[in-house]
1. Among residues belonging to the stretch 255-266 that are assigned to a helix (DSSP H, G or I) and loosely packed, with under 15 Cβ neighbours inside 10 Å, point out the one that is farthest from the chain's Cα centre (by Cα).
2. Taking the residues in the stretch 112-144 that are touching a Lys or Arg at 6+ places or on another chain (Cβ under 9 Å), within 21 Å of His199 (Cβ to Cβ) and of a type in the set (Val, Ile, Thr) as candidates, determine which candidate is surrounded by the most Cβ atoms within 10 Å (Cβ to Cβ).
3. Quick one: which residue in Asn83, Asn108 is crowded, with 17+ Cβ neighbours inside 10 Å, in contact with a Gly (Cβ under 8 Å, 6 or more places away or on another chain) and not charged (D, E, K, R)?
4. So how many residues does the stretch 1-46 have that are free of Cβ contacts under 8 Å to residues at least 12 places away in the same chain and surrounded by 15 or more Cβ atoms within 10 Å (Cβ to Cβ)?
5. Hey, Glu187 hits all of (1) surrounded by fewer than 19 Cβ atoms within 10 Å (Cβ to Cβ); (2) in contact (Cβ under 8 Å) with a residue 60 or more places away in the chain; (3) among the acidic types (Asp, Glu) but one; which does it fall short on?
6. Residues that are at pLDDT below 90: list the helices (runs of 4 or more DSSP H) wholly contained in the stretch 153-250 that include at least 2 such residues.
7. Among the residues that make up the stretch 244-259, is at least one of them within 19 Å of Leu33 (Cβ to Cβ), in contact with a helix residue (DSSP H, G or I) (Cβ under 8 Å, 6 or more places away or on another chain) and assigned by TED's automatic domain parsing to the domain that holds Arg179?
8. What helices (runs of 4 or more DSSP H) lie completely within the stretch 35-124 and have 1 or more residues being modelled with pLDDT of 90 or more and under 19 Å from Leu146 (Cα atoms)?
Amino acid sequence: MGIPLTYILQSARLHQWVKNFFIFAALIFSGHLFILNDLLLTAAGFFIFSLATSAIYIFNDVADIEKDKLHPEKSKRPLPSGNLKISTALIASAILALSALLLSFSLNFNFAFVLIGYIIINIFYSLYIKSLVILDVMTIAAGFVLRIYAGALLISVPVSEWLIICTILLALFLGFSKRRSELVLLENSANTHRSVLGHYSPQFLDQMIGIVTASTVMSYALYTISEETVLKLGTNNLIYTVPFVLYGIFRYLYLVHKKEVGGNPTLAILKDIPLLINLILWIISAGIIIYWR
């Protein structure tokens, strides 16, 4: 048996910190990326938010320990496998959450209140909301919106309504795709592992995925040519990044339907080379269009 710290780090799921890069959205799309103070504030906010998300992941594993024992992949995690004690995990979760809160108040009070809201919502999600059909995925989407607001508050810039809409729709797309992957993977034992899966079906999820897929692409396209965006960025060339968004959405759908991945969106994106290259190209092209003026 390894040392507790090793298992705590595994439960903290550091690879999921990738999701917290949404905090940088306001910095990048406001044109403040090369303002050093704003960049440092956002980087600090990213680290603090990541501590909080790790605390939530550990707490969620404690809440789901019995159900995770029935999952073919999650059963290998430190808590359901018995390698990490529940008491140790709860102490680690509390330390991470408290550290994040103390650091957040020292950084920015408004940012701290958003972080508190994020923690509270996710505690309720772990204990209750995850069993409510549709609301479970919408709550996950709310977490991404809070990340956007947190980043904007750190550097005192307004949040674009288009950015919020695109974030919500993208998060719903990933969330419903994850539910579909879980449903297909677990088959008849799906509702035993996660009770809410008993309220979903592949056909029902495909309908919702179809709606949010079309809405995500259309919202992003409209965002790139909106008067607000053109005035803020001084260019209408952001429309040329739409093909990257289209490919990314289509590639992810291919992975979900043909490769039967998607149960862990972060790993699915990081492990699929074409999707990762597309993401990098989108970042580079958007950066050039926004900043090379």
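The values are calculated or read from the model by the stated rules, or taken from the named source; none is laboratory data. None of the values given here were measured: they were computed from a predicted structure. Here the Cβ positions follow ideal geometry from the backbone for every residue, glycine too, while neighbour counts run over all protein chains shown.
1. If we filter the stretch 255-266 for residues that are assigned to a helix (DSSP H, G or I), which is where we start, we get 255-258, 265-266.
From what is left, the residues that are loosely packed, with under 15 Cβ neighbours inside 10 Å are 258, 266.
On the way: Lys258: 23, Thr266: 8 Å.
That would be Lys258.
2. Here the answer is Val137.
3. So the residue among Asn83, Asn108 that is crowded, with 17+ Cβ neighbours inside 10 Å, in contact with a Gly (Cβ under 8 Å, 6 or more places away or on another chain) and not charged (D, E, K, R) is Asn108.
4. Result for the stretch 1-46: 0.
5. Of (1) surrounded by fewer than 19 Cβ atoms within 10 Å (Cβ to Cβ); (2) in contact (Cβ under 8 Å) with a residue 60 or more places away in the chain; (3) among the acidic types (Asp, Glu), only one is false for Glu187: (2).
6. 161-186, 190-193, 227-233
7. So in the stretch 244-259, the residues within 19 Å of Leu33 (Cβ to Cβ) come out as 244.
Applying the additional criterion that residues be in contact with a helix residue (DSSP H, G or I) (Cβ under 8 Å, 6 or more places away or on another chain) yields 244.
The next check asks that each one be assigned by TED's automatic domain parsing to the domain that holds Arg179; those that pass are 244.
Yes, the stretch 244-259 has at least one match.
8. Because the criterion is at least 1 residues that are modelled with pLDDT of 90 or more and under 19 Å from Leu146 (Cα atoms), the helices (runs of 4 or more DSSP H) in the stretch 35-124 that meet it are 36-63, 86-107.
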